1. With the condition being surrounded by fewer than 20 Cβ atoms within 10 Å (Cβ to Cβ), I'd like the strands (runs of 3 or more DSSP E) fully within region 95-174 carrying at least 3 qualifying residues.
2. Mind checking whether some residue in region 76-88 is over 30 Å from residue 188 (Cα atoms), surrounded by 20 or more Cβ atoms within 10 Å (Cβ to Cβ) and out of contact with any strand residue (DSSP E or B) (no Cβ under 9 Å at 6 or more places or on another chain)?
3. Give the residues of region 176-195 that are part of a helix (DSSP H, G or I) and under 26 Å from the mean Cα position of the chain (by Cα), sorted by residue number.
4. Checking the conditions here, which among 33, 62 is modelled with pLDDT of 95 or more and exposed (fewer than 14 other Cβ atoms within 10 Å of the Cβ)?
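The values are calculated or read from the model by the stated rules, or taken from the named source; none is laboratory data. These figures come from a predicted structure and were not determined experimentally. Note: ideal-geometry Cβ built from the backbone for every residue, glycine included; neighbour counts use all protein chains shown.
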């Protein structure tokens, strides 16, 4: 299975086809609301543009903890299927998620036809994405460990030394260490070894780590 990727940050570029200008914005969006906010901002930034076509893909944890993928596209007045869908296809083709693309078009006086429009909109997004820094999204399970205050420093240091991502530590009656791991079985075994079997990590959800592609 091809791993999903996202982009490190916002990208903007402009292309021209037969004197029509296509201003593309590709940005991060972790939720549908964030994606629609980016689209609204692009519309406000380029009010003179005749069309603000868009596409986005977001993956977010649903209430049952399963991943929920949302894909949307909008032709914004262009002939059906000539803008939003070709843009969405570019995002899919790069295996991107949590990303939104908006292309604002300034008409240059020459009609492009349905095929020409599709190529122009997909080309604008392709050009923008070509300048992106990609991050691979890796699912990690969240686990918590309850430890005596006197041993938390040693255990945390050992875990880090074994490549375990330590998310945080909280202190109460006992210390609670939160880690994010890709292999729960090996982590349970490692913690058992470090604590002589006294501490058993508890699963507490999941997260996604983003690493340079």
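1. 134-147, 165-171
2. The answer is no; no qualifying residue exists.
3. Once the filter is applied, which keeps residues that are part of a helix (DSSP H, G or I) and under 26 Å from the mean Cα position of the chain (by Cα), region 176-195 yields only 184.
4. 33
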